[in-house]
Each structure stands twice: as C-alpha cells, then as structure tokens.
Amino acid sequence: MTRPASTRRGGVGPLAVVSISVGGTVLVCTAAIVSGIVAIARKIVTPARGRRDDVRIESYDAPAGTITLSSTPDTRLPGRYSFWFGRGTGHARVGGVVRDDGRHVERRVEAVEGADLTKAHRGRIGGWLFPTPGDAGLVADEVVVPTDVGPAPAWLVPADAGLVGPWMIGVHGRGVTRAETIRAAPVFHREGLTSLLVSYRNDGEAPRSSDGRYALGDSEWRDVESAIRYALDHGATSVVLMGWSMGGALVLQAATRSALRGAVSGLVLESPVVDWRTTLAYQGAAMRVPTVVQGLVLRLLGSPRLCRVAGIAERIDFDRLDLVSRAGDLDVPVLLLHSDDDGFVPSTASHALAEARPDLVTFEVFDVARHTKLWNLDPERFEDAVADWLDRQRLAGPPSTDQRA
C-alpha cells in the first residue's frame, strides 16, 4: 500500500487518496473506502463471540406455558425452536404458534432451562432445539478428536450394533456449536449409523488456529479429516459427512481434498455454502455494499500479501471453495436440503450444483424453512428424506431397535 503526500497539514485526511495493488491491479480509493473494505473483510473472517438478542419478549405466561414475542420472519415460522435469552445463559424450547396478529407472535413453551425467563426482555430464535444429545433421547459419550491445532471435543452416539459399521460425522455452521448437529442424529441412529458430532478450530469449543480467524472452510476441512481418521480408528467402515451452512463448505472441501476421502460414502448438506462468492454477494447486497466494494473485499482476502490486514495468516482460495465450478470433483452421492427463502445463504448455488451433477445429487427443496431450520419446520419430512436417501444409496447399517432415538 502506498500513500501519496497529503496536501493538508496535520497528515492524511479522511478522504485522502490511497492506491492499493490487489492481484496485480492498482486501484485508487479514498482512505474511507479502504477502511470500509478492511472492516468488511475482517467481519467475514472473525468468529463472533456473542450473538445479538434481536427478539423482544412482550410477555411470558408461565402457568399457561406461552410466550409472546415481537413478530419477525423467524418467530413466525411454524415448528419447534430454541429461544435463547439472558445473553445465552437461558434456554427455552418453544413450540407451535398459538396466535399471530402481524405484530406479535404467541408460541407454546415446552421447557425452560438456565436463567429466569420471567425476568428476560429480549432473546433470539435458534434452530438447535437440543443443547445436548441426552435432550434428544440419545446416549452419547464425550470424546476428543486429535487435530493439528489440538484436541477438539465431540459427542459420540454409538449405533445399537456397536462402533463397527457406517458412521455419520456432523459438522456445524458458523457462529454456533456442535449442538446444532444433534437434530440429525436420531434419524441416523435409527438407520444404524454411529454419529460423531464434532467441533472445529475457532468455533469456541475446539482450539484456536494461529490467527484465530475463519478460513471459510479452506483450512477448517482438516479438522473434518481428523474426525474421519478418528472414525476409521474406532471402527468406521464408511463415513457419511453432514454439514450445516458453513459446515457444508467444510464437508465439501474434505470430500474433495482429504487423503481419506476414499472412506467417504456420501454427503448430506443442509442450507450449505456451496460457493462463497454467491453467498457473500447475496449478503453484501442485503447490506447495500456496492458491488465494486464486494469485489475488492474478495480480492483482498484472496491476496497472499494483503490478506494479512484482515488478520488471516493465509489467503482464502475462493476458486477452490466454489463447488459449482468444481462439481466434477465430486464422486459420491449427495443429499441437498435447502429452503428457497433461506435469507442468509441463498439456495442459488445449491440449485446450480444439483443441475451440474444430476447423476449424484438428490435435492430436497423447501419453501419456507429459512436458514438451517428445515428439521424444525418439518421433522418428519426432513427425517424421511434422509432415511430414504440412505436406503436408496445403501448407506444404512443394521436398523436401531430403539424407536425413541
């Protein structure tokens, strides 16, 4: 970066001209624009250490078992959801909508844990529903997966027939934890697969990487590879990888880049990031970021030298993360589950991948499930889609005899 001499005394003003060389092209920008580009780039790769409570609690009627929330696209969704409050110290499982007048939504409350909901004023809707496997009726062991950044905690849910046989490795998305993956474990258990629900670098549970930043799957996939190695060392004869949101990007990278990819028998992707350019362009447009600025942000993150100003140790290879363009690298069956009203990760790239590889991809398209809430909206449809796909692809193991799982 080079800065021409200022024409003002006292240094460089807020609108000083700055030249940046990105990818061999010299671009002339104001210092304010450069600052904005760097801020956006940092936001993309910096793990959030807290989530905003963006839903107002209008009232909570404990005897009636109902809560009234401000009306938002998420609070209006049918189905069962988590409601976090007290800055994450309290958790409620909320059920069906009782009343929706357009401004307020009244929902059933199934259970409350942690902080006192009667004293809460705000919270947030989430799709996890189950904080632990036990809450979903599953017997699980806490285990540790060795990775190249250190020991990463995971839950191991053994199949009824034991650990020898097919496994599922569940990979959560950005800004959440492995609890996100619990929803899928019961159907895999019924289908005779052992489930390993993992954490990965910089997610708040697993160790940090050296830079403490996301690589959007470009390095995190190695932790998925470590999970595959753990599974093979403990009895897995084959592995189905399942990823939610950014976890889908990790799964796709592991399936196409890992030395252990031969053990992968199939992929299940829920609301996945199939191509980061498509996802970031959608999010940028939603935030009214000019297209030219969006392009400069990607070029900065992809530059071997300038990426460091965003705090990342290595450039992010967006071409390598584009599994629409790299669809030919896939060689195992894929079950895609995505809602066309996602609102965070558009289903555009999922449709494109399905069109590029109709020989491998089965696409279950939802209409009103938003982002990573497909199971919450319609668990029967979700689980039937997974079970039917496993059976068609002959990926299931001996079925469970425990119908509660």
Centre separation in Å (Cα based) which lies between the range 53-87 and the range 338-405: 27
Sorted largest first, extent of the chain alpha carbons per principal axis (Å): 78, 53, 39
D_trans [Stokes-Einstein, Kirkwood Rh over alpha-carbon pairs] for the range 169-294, 10 °C, 1.306 mPa s, µm² s⁻¹: 105
Rough spin-label spacing in nm, given labels placed 7 Å along Cα→Cβ, for residue 142 and residue 110: 2.4
Order of 168, 246 - criterion: other Cβ atoms within 10 Å of each residue's Cβ, fewest first: 246, 168
Stokes-Einstein translational diffusion, the range 126-243 - Kirkwood Rh over all Cα pairs, 1.306 mPa s, 10 °C, in µm²/s: 113
Per-residue Cβ neighbour rank within 10 angstrom, fewest leading, 200, 60, 282: 282, 60, 200
Residue 30-residue 308 FRET efficiency (beta carbon distance; Förster radius 22 Å; 0.05 resolution): 0.50
Point-to-point label distance, residue 61-residue 103, nm (Cα→Cβ direction, 7 Å offset): 1.8
³J(HN,Hα), Karplus 6.51/-1.76/1.60, whole Hz, each residue of the range 113-118, x for Gly, Pro: 9, x, 4, 7, 5, 5
In order through the range 376-381: 3J(HN,Hα) via Karplus (6.51 cos²θ - 1.76 cosθ + 1.60), integer Hz, x for Gly, Pro: 4, 5, 8, x, 5, 5
Residue 195 long-range amide H proximity, modeled H, under 5 Å: 157, 159, 168
Of 316, 228, 57, the one that fluctuates the most in a GNM where the chain has Cα springs shorter than 10 Å: 57
Rg over Rh, two decimals, the range 55-126 (C-alpha only, Kirkwood Rh): 0.91
Net charge contributed by nearby residues that have their C-beta within less than 11 Å of residue 318 (K/R +1, D/E -1): -1
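Every read-out reported here was derived from the displayed coordinates using simple, explicitly stated rules and does not represent laboratory data. The structure presented is a predicted model; accordingly, all values stated were derived computationally and were not measured. Glycine gets a Cβ as well: all are built from the backbone with ideal geometry, and neighbour counts include every protein chain shown.
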